[in-house]
1. Would you check if residue 137 is closer than 19 Å to residue 194 by Cα and of a type outside the set (D, E, K, R)?
2. Among the residues of the range 131-139, is any of a type in the set (Asp, Glu), farther than 13 Å from residue 86 by Cα, at pLDDT 95 or above and touching a Gly at 6+ places or on another chain (Cβ under 7 Å)?
3. Determine which single condition residue 233 fails, assuming it passes every other condition in (1) closer than 20 Å to residue 98 by Cβ; (2) loosely packed, with under 13 Cβ neighbours inside 10 Å.
4. Of the residues 187, 198, which is surrounded by fewer than 24 Cβ atoms within 10 Å (Cβ to Cβ), of a type outside the set (A, V, I, L, M, F, W, C) and at pLDDT 95 or above?
5. Taking the range 125-168, which residues are surrounded by fewer than 15 Cβ atoms within 10 Å (Cβ to Cβ), part of a loop (DSSP other than H, G, I, E, B) and among the small types (Gly, Ala, Ser)?
6. State all residues of the range 305-319 that are small (Gly, Ala, Ser) and either surrounded by 11 or more Cβ atoms within 10 Å (Cβ to Cβ) or at pLDDT 75 or above (or both); if no residue qualifies, say none.
7. Within the range 106-124, count every residue that is at pLDDT 95 or above and either small (Gly, Ala, Ser) or surrounded by 18 or more Cβ atoms within 10 Å (Cβ to Cβ) (or both).
8. Name the single residue that is surrounded by the fewest Cβ atoms within 10 Å (Cβ to Cβ) among those in the range 86-104 being in contact (Cβ under 8 Å) with a residue 40 or more places away in the chain and outside any loop (DSSP other than H, G, I, E, B).
Amino acid sequence: MVAVGLELSMLPEPGTGWVVAEGDRHHWSWECGGNRWRGGPIVDDTTWFDLASLTKVLITVPLTLRAMKEGAIEPETRLGRVGGRLAEAPVGRATVEQLLTHTSGAPPELEVVGELDDSLAALVMVDPGSVVYSDAGFIALGRLLELVSGKVLHVLAREFAAEMGIGRDDIEFFEVEPGRWASTGPRLRGKVHDPAARSAGRLLGHSGCFTTLTGARRLLDFWLAPVPCYSALAASALRPRGEPRTGGHRGWGWALQGDDYACVPGWPAATVSHTGFTGTAVAFDPDGGTFALVLSNAVADGSGASLRWLRSMFASLAPSVNPSGRDGTV
């Protein structure tokens, strides 16, 4: 058990929003800190937070499951199947399953120079199998979703957000109005922090989404209470995809307990989680219904100290939540 509220009140920066709940009970939420690294308005439920890599599990994986449900792709579908610039490229051999589980052999990062397809086609791949956490792989997955749908990713994401009851006041892509933005850097002026998404100038499969705390909470509902037509696919995404492999233990997008990136080690064995570079994190136990979500701009100081502090606080959250009021004790 940790006194989150006391610790947060002692640290006015970074700007941080928390939501913790156990099913429909013991709901607790709080926003604190400034939306600029040194000052600025206190963050609130209208503040734009950069989801960073939470985009993978809150946007790209649900869109992938939707494409599976519609029959556009299957787990065994190869990126190169759709033809075009990527058909003969090394990355074209990667399957949807491999991209989702970070086992495609794609490198960790992608430098976007010029056209996105040209950058993807130039990727140097290694033999698939081991888990290598890969932004590049999720960028390729996002591009596959565009090619099979004929729509750019932010249009697909906007459609999905509407299905989840999220309007434009609670979700945006690539760039937001700086006055409501939890700053992740002094020169970004409301633009996404991730350099690949910034170079591409749009939402990519790994990053590029901004939400409010309310928007992120509603995106998480896709996993907490999936509609019947998605329930089987969502359950599949949260299960181990084969035996634990060298480098990690993954579902579709999600880190499972025992993975190097799992961020709540004390939670039950079925728990899945994910983190984002800007200080964001999400974890939930699909069996017990407990979840925790934090949005932040902790990366903005450049030192890593606040980000390490926030990760430590998130990891110490107990899997049974029973807040005792405004002080945020859980």
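The values are calculated or read from the model by the stated rules, or taken from the named source; none is laboratory data. Predicted model, so just to flag it, every value in this text is computed and none were measured. So basically every Cβ, Gly included, is an ideal-geometry build from the backbone, and we count neighbours across all protein chains shown.
1. Details: closer than 19 Å to residue 194 by Cα: yes; of a type outside the set (D, E, K, R): yes.
In short, yes.
2. Of the residues in the range 131-139, the ones of a type in the set (Asp, Glu) are 135.
Filter again for farther than 13 Å from residue 86 by Cα, leaving 135.
Next, only the ones that are at pLDDT 95 or above stay: 135.
Checking which are touching a Gly at 6+ places or on another chain (Cβ under 7 Å) leaves us with none.
Looking for residues that are of a type in the set (Asp, Glu), farther than 13 Å from residue 86 by Cα, at pLDDT 95 or above and touching a Gly at 6+ places or on another chain (Cβ under 7 Å), one finds none in the range 131-139, hence no.
3. For residue 233, the failing item is (2).
4. Working: 187 fails: at pLDDT 95 or above.
After applying the criteria, what remains is 198.
5. Once the filter is applied, which keeps residues that are surrounded by fewer than 15 Cβ atoms within 10 Å (Cβ to Cβ), part of a loop (DSSP other than H, G, I, E, B) and among the small types (Gly, Ala, Ser), the range 125-168 yields 129, 130, 150, 165, 167.
6. The first filter runs over the range 305-319 and keeps only residues small (Gly, Ala, Ser), leaving 305-306, 312, 315-316, 318.
The answer is 306, 312, 315, 316, 318.
7. The qualifying residues number 9.
8. Of all residues in the range 86-104, those in contact (Cβ under 8 Å) with a residue 40 or more places away in the chain come to 86, 91, 94, 96-97, 99-103.
Applying the additional criterion that residues be outside any loop (DSSP other than H, G, I, E, B) yields 86, 91, 96-97, 99-101.
On the way: 86: 25, 91: 27, 96: 24, 97: 17, 99: 31, 100: 25, 101: 25.
Among those residues, the one meeting the criterion is 97.
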